[in-house]
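To keep things clear, I will list the structure first and then write my remarks on it.
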Amino acid sequence: MPTRMPRVDSHHHFWKYSAQEYGWITDSMGPLRRDFLPQDLKREMDGAGIDAVVSVQARQTLAETKFLLEMAERNPFILGVVGWAPLTDRNIGGILEQLAVNRKLKGLRHVLQDEADDQYILREDFNHGIEAVHKFGLVYDILIYERHLPQTIRFVDRHPGQVFVLDHIAKPRIKDRILSPWRQHIKELAKRPNVFCKVSGMVTEADWKGWTEADLKPYFDTVLEAFEPRRLMFGSDWPVCLLASGYKRWVDVVSKVIAPLSELERVRIMGGTAVEVYGL
């Protein structure tokens, strides 16, 4: 570990591609239909000055969590894993007891954005699972679209002691340049001090081929104001970001946006927040 604060990419994925296991990769996502493994990411990191990463699930299976933990064991630059577990399972406590033995498991995530029921996050069995997540001292990553923000606020209020990380700034409608009601909901959610936010996934919510920094700026400005640098963390969403941006380009865009901030604030966003929140 460097003596300085490491520059951490708090959000990326690995996979050995198969159409059956990654059905969410549609025909329009051709560049993603191949393997993306640690050696591929390390080249991108080295070219962009990133020291370490947190690996995040891309399949909703326990095999995915174990796959990521195995990658982390073999690659020291992977400091933590946000995996998946069946949070609605009655035996979730026993399942987490087995998984949490591996100290590189830092958190869990469920792909709420793809659930047919927009109120899934408020289900009693799901919330029981979140209570187990808290018991084991794990972070919970929230993956939603902006339309899920009102119920997400209610969900977070049920778990004031749980640390939450909002992925991809809740996927606002950047391509359509629509700010409201996303902006109001983000500001309300950010009033909860146990919620942190990843500056990630923005370019794939914009026009993949035609986005500009100006398109992103109102959304950057909103989360900077709402969460302040202390509760923001950089994430690449690699390799999904490749649909709209190279790895280094996204690092450079975020670095440019935060350049006016103090050195301490920039360090928080580019590594310090992730280190603190995930216990890296």
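Counting only DSSP beta bridges with both residues in the chain, the antiparallel share comes to about 5 percent. Of interest is the spacing of the C-alpha centroids, which for the stretch 82-111 and the stretch 219-276 amounts to 27 Å. If R0 equals 41 Å, the separation of the Cβ atoms of GLU188 and SER28 corresponds to a calculated FRET efficiency of about 0.80. Close amide H contacts of HIS110 (hydrogens built in the peptide plane, cut-off under 5 Å, sequence separation of 5 or more or a different chain): LEU143. 3J(HN,Hα) along the stretch 114-130, derived from phi through the Karplus expression 6.51 cos²θ - 1.76 cosθ + 1.60 where θ = phi - 60°, amounts to 9, 6, 4, 8, 5, 9, 3, 5, 9, 4, 5, 5, 5, 5, 4, x, 5 Hz, with x in place of Gly and Pro. The alpha-carbon atoms of the chain, seen along their principal axes, cover 47, 44, 41 angstrom, with the largest extent given first.
Given the Cα-Cα distance of ARG74 and ALA116 and 0.36 nm per residue of separation, how much length would full extension add, in nm? Each step should come with its number before you reach the end.
On the way: separation 42, 0.36 × 42 = 15.12 nm, distance 3.67 nm.
Full-extension gain reported as 11.5 nm.
With a cap of 11 neighbouring Cβ atoms within 10 Å, and only residues DSSP puts in a loop, list the trypsin sites (Lys or Arg not before Pro) found in the stretch 125-203. Don't jump to the answer; show the numbers that get you there.
Details: sites: LYS135, ARG147, ARG154, ARG158, ARG173, LYS175, ARG177, ARG183, LYS187, LYS191, LYS198; in loops: ARG158, ARG173, LYS175, ARG177, LYS191.
Here the trypsin sites (Lys or Arg not before Pro) that fit, given the DSSP loop and packing criteria, are LYS191.
What you get for the chain, charging only the Cβ of Lys and Arg (+1) and of Asp and Glu (-1), is a dipole of about 460 debye around the Cα centre.
Counting other beta carbons within 10 Å of each Cβ, put PHE67, PHE136 in order, fewest first. Before the final figure, lay out the partial values.
Numbers: PHE67 20, PHE136 14.
Placing the least packed residue first, the sequence is PHE136, PHE67.
When CYS197, CYS241 are sorted by how many other C-beta atoms sit within 10 angstrom of their C-beta, beginning with the fewest, the order is CYS241, CYS197. By the beta-carbon count within 10 Å of each Cβ, the least crowded to most crowded order of THR204, THR26, fewest first, is THR26, THR204.
Phi angles across the stretch 53-60 convert, under the Karplus curve 6.51 cos²θ - 1.76 cosθ + 1.60 with θ = phi - 60°, into 3J(HN,Hα) values of 9, 10, 8, 10, 4, 10, 10, 9 Hz, Gly and Pro given as x.
Taking amide H as placed 1.01 Å from N in the peptide plane, VAL199 has its amide H under 5 Å from the amide H of MET233, PHE234, GLY235, each at least 5 places away in sequence or on another chain. Sequentially through the stretch 76-91, phi angles give Karplus couplings (6.51, -1.76, 1.60; θ = phi - 60°) of x, 6, 8, 8, x, 10, 9, x, 10, 8, x, 5, 8, 6, 4, 9 Hz, Gly and Pro residues having no value and appearing as x.
The simple spin-label model puts a point 7 Å past each Cα toward its Cβ; for ASP125 and ARG103 those points are separated by 3.5 nm. When the chain is treated as a GNM with alpha-carbon contacts under 10 Å, the residue of MET45, MET233, MET270 showing the greatest mean-square fluctuation is MET45.
Read-outs throughout are calculated quantities, based only on the coordinates presented, and are distinct from any laboratory measurement. Predicted model only: the values in this text are computed from it and were never measured. Positions of Cβ are generated from backbone atoms using ideal geometry, with glycine treated the same way; all protein chains shown enter the neighbour counts.
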